[in-house]
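A short write-up of the structure that comes next.
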Amino acid sequence: MMLLQSRRVALGGRDHRAATTRVRFCAHPRRIIRATQVLVNASAAAAAPLPGGSSSSSLGGLAILQNTRPVDRLRFQAILVFQHFDTEKTGRLAPEQLTAYEAYSAERFGTAAAEAMKPAFERARAAAAAVPGGSLDMEAFIDLVRDQVKVATTSREFPRFVFPEQELGKLAWGASLSTAELSSALAVFRLLDFNLDGYVKLEDLRRAQGIEREFVNEKLEDADTNEDGFLNFKDFLTSYARDRPVILNMLVLLAHTAAFWLIFNLPGLELPVKAIMALGLMLKPQFVTGPVIKLYTIFQTIFNRAKAEIAMAKERDQ
């Protein structure tokens with residue numbers, strides 16, 4: 001099928017959609033039609049002239065990058081959770097509904113993370129108390145969810161409450177995500193897992209709006225490979241995953257090769273000890289993979305920043 005990876009960019013005061021495509025085989029013509037329609041709309045928007053007669057093509061790539069706004073998926077995901085608890089469709093959560101949501105969260109994040117989230121709920125209750133009736137509006141609820149995800153991202157206990165450490169390492173490596181990014185995605189998944197059965201219903205996600213709706217259409221529907229209408233966390237993670245650079249794969253392979261070589265060439269160790277160390281490395285590859293990814297990310301960030309500085313200097317000289 002044709003997948004669209006799109007983002008909104010602000011060019012000259014107007015919003016355009018920059019879209020790139022990649023094509024792979026799929027047996028669902030309706031998805032090809034849907035993706036083609038989005039691509040046509042995106043192309044038309046990008047080709048439209050800007051106010052004053054200028055066009056988007058007259059801007060350099062650096063200017064486009066500087067004006068790119070980050071995709072705020074979390075907002076639309078939080079709205080789905082809000083709608084789940086706003087049973088009376090009033091657009092506000094009553095105090096008892098907020099209390100129910102706090103218990104709901106504690107069940108999904110574990111005791112340690114739930115304890116760390118209490119200040120966020122106190123702020124939410126303070127915001128609710130400032131209005132007549134003491135109810136919480138949707139924007140305040142979205143802020144609450146953001147605070148919860150921040151806590152989950154920095155918590156060591158939360159991801160291990162859901163998955164064993166070895167499984168976390170495999171998931172992070174498979175999706176090319178850092179531990180913090182994986183924890184953030186896991187926090188969202190747990191909040192959207194309304195039945196706490198380890199699955200998210202595609203039917204629930206289809207109610208999403210904005211950019212999250214596009215992720216559902218473009219990635220998550222295809223992640224449901226058995227087409228039963230449910231996604232486990234690994235399926236859900238496909239919408240967060242990044243393509244892993246070939247050079248990073250090579251570096252990880254070299255690092256593991258070097259680690260095994262060192263183990264079996266360490267002087268003064270008996271062969272059984274070396275075998276146990278090698279087995280430990282195979283069972284917990286993240287001991288090698290994690291540092292390699294961190295170092296690669298640091299050097300990549302430095303390199304990209306240097307490139308941007310050079311490009312900006314060239315633009316100033318012109």
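The values are calculated or read from the model by the stated rules, or taken from the named source; none is laboratory data. Computed from a predicted structure; not experimentally measured. Note that we place each Cβ from the backbone using ideal geometry, even for glycine, and neighbour counts take in every protein chain shown.
Observations on the structure shown:
- Leu177 vs. criteria part of a helix (DSSP H, G or I) and buried (at least 18 other Cβ atoms within 10 Å of the Cβ): no
Table: residues versus (1) in the same structural domain as Phe82 (by TED's automatic domain parsing); (2) free of Cβ contacts under 8 Å to residues at least 12 places away in the same chain.
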site	(1), (2)
Glu165	yes, no
Thr179	yes, no
Leu182	yes, no
Asp197	yes, yes
Gln209	yes, no
Glu212	yes, no
His256	no, no
Leu262	no, yes
Asn265	no, yes
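- Considered as a group, the residues in segment 276-318 that are within 23 Å of the chain's Cα centre (by Cα) and charged (D, E, K, R) include one that is nearest to Met250 (Cα to Cα), and that residue is Lys294.
- Residue count for segment 117-138, restricted to those that are within 16 Å of Phe85 (Cα to Cα) and either among the β-branched types (Val, Ile, Thr) or not assigned by TED's automatic domain parsing to the domain that holds Asp197 (or both): 0.
- Selection status of Phe141, in contact (Cβ under 8 Å) with a residue 60 or more places away in the chain, assigned by TED's automatic domain parsing to the domain that holds Ser105, aromatic (Phe, Trp, Tyr) and within 14 Å of Leu231 (Cβ to Cβ): no
- Yes/no for Phe189 being under 28 Å from Thr238 (Cα atoms) and either surrounded by 15 or more Cβ atoms within 10 Å (Cβ to Cβ) or at pLDDT 95 or above (or both): yes
- A search for C-beta distances below 9 Å between a residue of segment 271-290 that is farther than 12 Å from Trp173 by Cβ and any residue that is outside any helix (DSSP H, G or I), counting only pairs 6+ apart in sequence or on different chains, returns Val273/Leu266; Lys274/Leu266; Met277/Leu266; Met277/Leu269.
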